[in-house]
Amino acid sequence: MSEGKLLEVDDLHAYIGSPRGVVKAVDGVSLSIDHGAALGVVGESGSGKSVMARAVMGLMPSNSACTGSVRFNGRELLDLKRKELEEIWGKQIAMVFQDPGRSLNPVVRVERQLTEGMRRHLGVSRSEAQSRALNLLVEVGVPDPERRLRAYPHELSGGMRQRVMIAVALACEPDLLIADEPTTALDVTIQRQVLDLLRRIQLERRMSLMLISHDLHVVAGQTDRVAVMYAGRLAELGASRAVFEQPRHQYTSALLAATPTIEHERHAPLNVIRGSLPSPTEPPPGCRFAARCPAATDTCQSGQPPMIATVSDHAVACFHPVAERAGELVGR
Ligand SMILES: Nc1ncnc2c1ncn2[C@@H]1O[C@H](COP(=O)(O)OP(=O)(O)O)[C@@H](O)[C@H]1O
Ligand SMILES: [Mg+2]
């Protein structure tokens, strides 16, 4: 695994204009992804995960503004013009969305969707692109790949379409793949297979991965580090195992208690955390989770808790973090 950071996001703010006022969708997020590493981003629906991913890609709507810094391979992406970003999309950073129905072109056969980007970005010949397309379908575990190359997206099952989406994203050999809730629309068993596939490919290709999900259970086993987002800010950031086994933020702890494990998802009722996200246009001045937090005091209402890192590189933005169990994290 090569050393150093591929992506460095520093104090990113992404504000969007709306009839209700300015939505502070991302409001001061700092995180990084090393070369060849996988970062999970988790948080309830509406916490700003997708906007953060789109801000990193430079895919924000015109009525929005991004400030802070997004450095990719040492280059500041927020300063780039549309044309320069287009050079990066697909080739250096690729994205997989929740709904392959919207990302795949319904009237274009699978083969052309796979070869188009390769021919444009990598400049390979038609026959080279075709043979790479076949290999990609094999790599993402699509059975009978020759036949699938000639298929249209609607002729494939949801799981197969999502595999094809991943193959399209991998076609130009990106350094970073951003997968935004890539399996939410799928059946539980297929979800697991697709996530295992993403992790295997990420490790084999030594690619970096940002895996976004509302489910910490899903993400923890498939990533090296996890960032927990709440109401546009980071609540917690650390090694996936540490965050999962020893959550320090009261929100992370509540999130884990509220989400059933993937195996039980079908049967258990979703036990959501009481209360709801604060207003994204007028967030409270203090900790954004305070109104829902069992440990909140007056301190939490007065100012935003800073992100404080522990010796084990596990950072938490909470005035009353969950107690660390003695010794366990030290020296890890
Ligand atoms: N195009 C948009 N215009 C206005 N508000 C938006 C837009 N996209 C997202 N938002 C708002 O930004 C916040 C974060 O949304 P999002 O990033 O989609 O959350 P998540 O992906 O974590 O579910 C939400 O309050 C959402 O309503
Ligand atoms: Mg989202």
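Quick note: the coordinates plus some simple rules give every number you see, no bench work behind them. Being a predicted model, the structure only gives us computed values, none of them experimental. Counting neighbours? That spans all protein chains shown, and the Cβs are built from the backbone with ideal geometry, glycine included.
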Report summary line: About its Cα centre, the range 50-169 carries a charge dipole, from +1 on Lys and Arg Cβ atoms and -1 on Asp and Glu Cβ atoms, whose size in debye to the nearest 20 is 180 debye
Query raised in the report: Against the longest principal axis of the chain, how steep is helix 188-205, in degrees 0 to 90 to the nearest 10, with axes from Cα atoms?
Result: 80 degrees
**Report entry** Lys, Arg +1 and Asp, Glu -1 on Cβ, resulting dipole of the chain about Cα centre, debye, nearest 20
**Finding:** 700 debye
Query raised in the report: Anyone know which of TYR251, TYR152, TYR15 comes out most mobile in the 10 Å Cα GNM of the chain?
Result: TYR152
Query raised in the report: Cα axis of helix 126-139 to longest principal axis of the chain: angle in degrees, 0 to 90, nearest 10?
Result: 50 degrees
Query raised in the report: Out of GLY123, ILE201, ALA65, whose Cα points farthest toward the positive end of the dipole of the chain (charges: +1 Lys, Arg; -1 Asp, Glu; placed on Cβ)?
Result: GLY123
Requested in this report: Take the alpha-carbon centre of the range 217-239, take the same for the range 179-197, and report the distance between them in whole Å.
Outcome: 18 Å
